[in-house]
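The values are calculated or read from the model by the stated rules, or taken from the named source; none is laboratory data. Bear in mind the structure is a predicted one, so any value in this text is a computation, not a measurement. Note: ideal-geometry Cβ built from the backbone for every residue, glycine included; neighbour counts use all protein chains shown.
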Amino acid sequence: MRKVRLDDLIGLKEYEEIRPRFRERIIAHKRVRRVLIGPEMTLLFEDHDTVLSQVQEMLRAERITLPTAVAEELAVYNDLVPEDGGLAATLMIEIEDPEVRERKRREYVGLDDALTLELGDVTVRGSFDALGRFEDRTAAVRFVNFALPPDGRARLLDAATTVTLKVQHPKYAASVTLSDEIRRSLAIDLDPLNAEAMRKA
């Protein structure tokens, strides 16, 4: 999938003017790509637009305008854009009570080995970022990648193929079947026309 480029970004003044409409569009876009996995976990599939939104909001919040600083932020957030042929997501442990949340973070050690995406008879294990991995707990927000098989896009578009996200952990077990709407959105991510490689050819 194509990364966010410097020329995709909008200057702070212009962004402030269009921000309400821009955020409304991104919120609607994220709604399609957000999946509840049981009562305590939410997964958001990231793409060019979700990452662009995060970069714009960070630049606005921190009033970052220096070109080198903007480039640094862009490099950090572009790590969330999935590689060509794969999917990337943010997994969040969403528990309001801070004491309960901290206890659960310790109970969910080993979560890195517990998340899978099943496309029919093919199971893809989520590959988590190392930054949120600790010996005694897991971070409340984790970044995860799914390296799909070559026919991953075809499987997403095949109505006869069931696509399921699963967490199978001793302390938390839940699964959800992806809707047709989410699957179509993810298939767009995997369209060869959206590949980063297309821009480098």
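Got at least one residue in the range 52-65 being exposed (fewer than 12 other Cβ atoms within 10 Å of the Cβ), under 30 Å from residue 192 (Cβ atoms), touching a helix residue (DSSP H, G or I) at 6+ places or on another chain (Cβ under 8 Å) and modelled with pLDDT under 95?
Pass one, the range 52-65, residues exposed (fewer than 12 other Cβ atoms within 10 Å of the Cβ): 61-63, 65.
In the following step, the residues that additionally are under 30 Å from residue 192 (Cβ atoms) were identified as none.
Looking for residues that are exposed (fewer than 12 other Cβ atoms within 10 Å of the Cβ), under 30 Å from residue 192 (Cβ atoms), touching a helix residue (DSSP H, G or I) at 6+ places or on another chain (Cβ under 8 Å) and modelled with pLDDT under 95, one finds none in the range 52-65, hence no.
Only one residue in 20, 39 is closer than 23 Å to residue 138 by Cβ, exposed (fewer than 12 other Cβ atoms within 10 Å of the Cβ), of a type outside the set (Lys, Arg) and modelled with pLDDT of 95 or more. Which one? It would help to see each step written out before you state the result.
Values: 20 fails: closer than 23 Å to residue 138 by Cβ.
Only one candidate qualifies: 39.
Would you confirm whether or not the range 125-143 contains a residue that is farther than 23 Å from residue 103 by Cβ and among the β-branched types (Val, Ile, Thr)?
no
What about residue 199, is it charged (D, E, K, R) and in contact (Cβ under 8 Å) with a residue 60 or more places away in the chain?
Numbers: charged (D, E, K, R): yes; in contact (Cβ under 8 Å) with a residue 60 or more places away in the chain: yes.
Considered against the rule, which asks whether it is charged (D, E, K, R) and in contact (Cβ under 8 Å) with a residue 60 or more places away in the chain, residue 199 comes out as yes.
Among the residues of the range 26-70, which ones are assigned to a helix (DSSP H, G or I), touching a Leu at 6+ places or on another chain (Cβ under 7 Å) and touching a residue at least 60 places away in the same chain (Cβ under 8 Å)?
Of everything in the range 26-70, those that are assigned to a helix (DSSP H, G or I), touching a Leu at 6+ places or on another chain (Cβ under 7 Å) and touching a residue at least 60 places away in the same chain (Cβ under 8 Å) turn out to be 33, 70.
Looking at residue 185, is it within 26 Å of residue 31 (Cβ to Cβ), assigned to a helix (DSSP H, G or I) and not hydrophobic (A, V, I, L, M, F, W, C)? Write out each step before concluding.
Numbers: within 26 Å of residue 31 (Cβ to Cβ): yes; assigned to a helix (DSSP H, G or I): yes; not hydrophobic (A, V, I, L, M, F, W, C): yes.
Yes; evaluated as a whole, the condition is true for this residue.
What are the pairs with Cβ atoms under 9 angstrom where one residue, in the range 167-196, is exposed (fewer than 14 other Cβ atoms within 10 Å of the Cβ) and the other, located anywhere, is of a type in the set (Val, Ile, Thr) and part of a helix (DSSP H, G or I)? Sequence gap at least six, or different chains.
Within 9 Å, the pairs are 179/32; 181/32; 184/32.
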